[in-house]
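Okay, so here's the structure we're looking at.
The values are calculated or read from the model by the stated rules, or taken from the named source; none is laboratory data. Computed from a prediction, not measured in an experiment: that's the story for all the values here. Virtual Cβ from ideal backbone geometry, glycine too; neighbours counted across all protein chains shown. Just the protein is used for accessible areas: all its heavy atoms, side chains included, with ligands, DNA and RNA removed. Shrake-Rupley method; radii C 1.70, N 1.55, O 1.52, S 1.80 Å.
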Amino acid sequence: MTIEHEIFMALALAEARAAAAQGNTPVGSVIVRDGAVIGIGRNRVNSQCDPTAHAEVDAIRDACRKAGVSDLAGAVCYTTMEPCPMCCWAIEAAGCAGLVMGARHGDFSGSGVRDYKNYSVEAMIASTGASYTVVTGVEHETCRRERQAWLDANK
């Protein structure tokens, strides 16, 4: 794992904490290109009453708005939680070259997180032909603990 991955995941974790403070699921994301953060996002589903306001989509929207483009070719999405199918496809549609993630859905089986038994980012990529690379396990334990603490507090 590179120090760069840890730095960008720390930024995503800060966004996840901010999401939780606003009454949302604690997921945060940042979009990075050429070593610089070009977009930040957090889950805003509850605070914006928008079921599509997931952290990854929020970060993609921010990056595209700031750059004035809809193509984020060469960018990498860092996210604290394995993206859902909608977010996986948004990462592909935006042209991102990679995904770096912390916790996985399988870390929370039976604890209130949707059951994605037949789903993983890798399965989505294989079934759709998406073209981005995936790095897993970056700050995994910290990301898992943050999500678990929120799940425990919101039972």
Grab the DSSP H runs of the chain that are 4 residues or longer, score each as -39,500 (n - 2.57), total them, divide by all residues and round the 222 nm result to the nearest 500 deg cm²/dmol.
-13000 deg cm²/dmol
If you roll a 1.4 Å probe over region 45-99 with all protein chains in place, what percent of the accessible area is carbon or sulfur?
58
Among 133-146, 84-97, how do they line up from the highest to the lowest mean number of other beta-carbon atoms within 10 Å?
84-97, 133-146
Could you work out how far helix 3-21 tilts from the main Cα principal axis of the chain, as a 0 to 90 degree angle to the nearest 10?
50
What number comes out for accessible area per residue over region 1-74 if the probe is 1.4 Å? Units Å², please.
47
